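Read the structure below first, then the notes.
What follows draws every value from the coordinates through simple rules; no lab data is involved. Computed from a predicted structure; not experimentally measured. Cβ sites come from the backbone with ideal geometry, for glycine too, and all protein chains shown count toward neighbours.
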Amino acid sequence: MAIAIMKRLTILCEPPKVEALLENLQEVKETQITSFKSLSEEDREFFKDQEDLTEHRLSEEMALRQLRASIDFLQSYVPKKHWRTNFEARPVYTLQQLEAEVQSFNIQGLLDNTEEQRNELSHIQKSLQSLEEQETFLRQWHSLDINPKTAQNLRHFNVRYGTIPIEQQLNLENALTRWGKDYYIDAIFYSKESIGYVIVTEKTQNNEMSQLLRQYQWSTLIYSYDEPPKVALEENLAERETLVKRDLEIRQQLKEASKTLNAFLLAEENLANRIERQKAQEDILQSQHITVVQAWLEDTQVESVIESIQLTLGEEALAVFVDDAEPEEIEANEVPTKLKNNWLARPFESLTLQYGVPTYQSVDPTPYYTIFQILFFGLMSADVGYGLLLFIATFIAGKMTTLSESMKQSLKMFNYNSVGTILVGLFFGSFFGYDMPFRVMSMSDNVIQIMIFSVAIGLVHMMVGYMLKARLALKDKDYGSFYLDALQWMLMILGGVLIAANMIINIPIIQTIGLVLLLGNIIGMFVANIIISPNKLVGVGKGLFGLIDVAGLVGDIVSYTRLTALGVAGANIAMAFNLIVGLLPPVARFTVGLLLFVALHALNIFITYLGAYVHSMRLQFVEFFGKFYESGGTLFTPLKPLEKNIHIRKDN
């Protein structure tokens, strides 16, 4: 339960075998290919330039993006699989079997067909939108039996078609009445915004009518059809019907394209795996006669990985060298960090990595805070019923074999947290806010005792953090840090605990010991800083600043009372909800009240678990990690397949 010891693996083989070597390493999933950073420019000239490989990889990445765009497109139409399929095992392939399976499909042809369908759907949608706009226009003028264009050919009369704003209707009609000359006007349509007219006048009155209409915001009709509006509308509706029918046909074809989608998903896996191997190939050295691969792997995997390579390529086809990490590499942070924990702590590694990757020479905090995390989560949720619901939900979901490994580990983390919720709920005797027949403490009657209990657990939590800091300081032979950053704080905490305990047991010697530990280490803070500082005045200044840290220590201790605050708040909210339901009449209590009970407790469960997750993580990051944790490491990222929808196994 620590950071895994890493070994450097150097492999020499013939250039034609490099692809088989990388496929083998990708199937094994235990090696991280690394570049030759320390190689001189003179030695590099002996090997080939990898620019061609990079260009090829970039083209492959472009193809992968296009493939994923087609996958996203099809997934929006192909019906989702039944939920029962989540419990079915994923298909298992070797890399060569996956390649052969993908080659059996005409992927490019399927992509072209999918792209044609997507483009046709897009064209249909744009056409339908345009036809809909045209339909609105034609429906306004559909009562016209003639084509408005023909009005331009009359010899003696001028026929105008156009619109004015609806508010100008009376103004225009009154103006035409006052005009005092012959004219014909007819309203063709009315809408909320405008009114459409046909106005007929003699040719000689054309200019006068134009000036009059201009005063009332006349807009001349622009008619672009060869048929009358009524006929054009019929053609419009017929064309829309044809397009809608074709749209439905394509959508139905896409709904039935599950085989195409499966082929694309396999092609995505294969292409993504190939790109990862190409990235790795850019980091290796390759000449006309030899290929040199350098990789990091865990020391316990060295023997099995070498054996796998030899079985694939043959013992005579390669040479393998195993070396320890050099101190310079460790100092330069070039050795990747791989967390290695048991079944209990492994799911909590994701929390550690959210804060930062520990350096290779540091310590993995995961196994040290795992039990505290489960306990903190339990104290802030503290209900048997809530815990059982979370346990059942995460247990069932965790059995879904189609979930990724990271998702399974996250579900395990919450599953273990639910155990803490159940155990603490039994301790406090709470089941969905109701009191159980047995309990050790009451969340409503023993708030002070629970707060003391929470702070006591917090002190142990902090002491573990300081002990880890002491361990790291002694490892580095930094004795000043050992005292100032670890030992003095542990002794101060011990002194404070003795003083607090003496308030109950009232033994003078305990009080004296506590004061000596507390005050003595405050003085020791000044003494140690003066001793280790070249400038003694600076040492005194550091001692003064250390007094601020003493106040911060008190704040750290007080922060653990949030365990009590959230736990008691959640319990009282649950009891209040139960009281609300209990006030309903008997008939309503078992009808509407049941629904209300479920809804209210669902809300409380969400708030409780959200608070428990966030605040327990905050206690780890601030009160625990802040004591010793050294982040800034490089996470171990082995060459491995995508495994988004399938599993890849090693070909035995």
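Identify, among Ala325, Trp218, Leu474, the residue whose Cα sits farthest towards the positive end of the charge dipole of the chain, taking +1 on the Cβ of Lys and Arg and -1 on the Cβ of Asp and Glu, with the dipole about the Cα centre. After comparing all options, I get Trp218. If you wrap the Cα atoms of segment 84-177 in a convex hull and average its projected area over all directions, you get 15.5 nm². Amide hydrogen proximity for Ser430: with H placed 1.01 Å from N in the peptide plane, the residues at 5 or more positions away or on another chain lying under 5 Å are Val384, Met436. Using Cβ point charges alone (K and R +1, D and E -1), the dipole size of the chain about the Cα centre works out to roughly 2840 debye. Here the chain yields Rg over Rh of 1.17, to two decimals, using C-alpha coordinates and the Kirkwood radius.
Under 1.5 on a/c is rounded, so check that first for segment 528-652, then, if it is not, pick prolate when a/b is larger than b/c and oblate when it is not; a ≥ b ≥ c are the square roots of the alpha carbon gyration tensor eigenvalues.
Verdict is oblate for segment 528-652.
Kindly identify segment 193-239 as rounded, prolate or oblate by the Cα gyration tensor criterion: order the square roots of the eigenvalues as a ≥ b ≥ c, call it rounded if a/c is under 1.5, otherwise compare a/b with b/c, prolate if a/b is larger, else oblate. Don't jump to the answer; show the numbers that get you there.
Working: a/c = 3.69, a/b = 2.15, b/c = 1.72.
Judged from the Cα gyration tensor, segment 193-239 comes out prolate (a/c at least 1.5, a/b above b/c).
Positive end of the dipole of the chain (Cβ unit charges, origin at the Cα centre): among Ser143, Asn645, Ala501, the Cα lying farthest that way belongs to Ala501.
Using Stokes-Einstein with the Kirkwood hydrodynamic radius over Cα pairs, what translational diffusion coefficient do you get for segment 301-423 at 4 °C and a viscosity of 1.567 mPa s, in µm²/s rounded to a whole number?
On the way: Rh = 17.5 Å.
Roughly 74 µm²/s, to the nearest whole number.
Net charge in the neighbourhood of Arg240 (other residues with Cβ under 9 Å of its Cβ; Lys, Arg +1, Asp, Glu -1) is -4.
For the chain, adding -39500 (n - 2.57) for each run of n ≥ 4 DSSP H residues and dividing by the number of residues yields -20000 deg cm²/dmol at 222 nm. Taking label points 7 Å from Cα along the Cα-to-Cβ direction, Thr402 and Ala319 give a separation of 5.0 nm. For segment 637-646, putting each phi into the Karplus relation 6.51 cos²θ - 1.76 cosθ + 1.60 with θ = phi - 60° gives couplings of 10, x, 6, 8, x, 5, 6, 7, 10, 9 Hz, in residue order, rounded to whole numbers and with x for Gly and Pro. Rounded to the nearest whole Hz, the Karplus-based 3J(HN,Hα) values (6.51 cos²θ - 1.76 cosθ + 1.60, θ = phi - 60°) of segment 479-493 follow the sequence 6, x, 5, 4, 7, 6, 9, 9, 4, 4, 6, 5, 5, 4, 4, with x at glycine and proline.
Report, please, the projected area of segment 182-284 averaged over directions, based on the convex hull of its C-alpha atoms, in nm².
Details: hull surface 62.5 nm².
Orientation-averaged projected area of the Cα hull: 15.6 nm².
Summing +1 for each Lys or Arg and -1 for each Asp or Glu among the other residues whose beta-carbon sits under 14 angstrom from that of Leu128 gives -2. Projecting label points 7 angstrom from Cα along Cα→Cβ for Val516 and Val614 puts them 4.7 nm apart. For Ile195, the residues whose amide H sits under 5 Å from its own are Ile164, Ile166, ignoring neighbours fewer than 5 places away on the same chain, with H placed 1.01 Å from N. Listed values for segment 218-233 are Karplus-derived 3J(HN,Hα) couplings in whole Hz (6.51 cos²θ - 1.76 cosθ + 1.60, θ = phi - 60°), namely 5, 10, 5, 5, 9, 10, 10, 9, 8, 10, x, x, 5, 5, 4, 5, and x replaces Gly and Pro. How charged is the neighbourhood of Gly420? Take every other residue with its Cβ under 15 Å from the Cβ of Gly420, and add Lys/Arg as +1 and Asp/Glu as -1. Summing Lys and Arg as +1 and Asp and Glu as -1 gives 0.
Does segment 255-314 classify as rounded, prolate or oblate by the C-alpha gyration tensor (a ≥ b ≥ c root eigenvalues; a/c under 1.5 gives rounded; else a/b over b/c gives prolate, otherwise oblate)?
Values: a/c = 2.91, a/b = 1.95, b/c = 1.49.
Since a/c reaches 1.5 and a/b is larger than b/c, the shape of segment 255-314 is classed as prolate.
Backbone amide hydrogens, once placed in the peptide plane, bring Ile5 within less than 5 Å of Asp299, excluding anything fewer than 5 places away on its chain.
For the chain, the longest principal axis of the Cα atoms and the long axis of helix 405-428 meet at an angle of about 60 degrees.
Would you mind working out the magnitude of the charge dipole of segment 530-652 relative to its Cα centre, with +1 at each Lys and Arg C-beta and -1 at each Asp and Glu C-beta, to the nearest 20 Debye? With Lys and Arg at +1 and Asp and Glu at -1, about 180 debye.
On full extension, the segment bounded by Asn207 and Ile509 gains 97.1 nm, given 0.36 nm per residue less the C-alpha separation.
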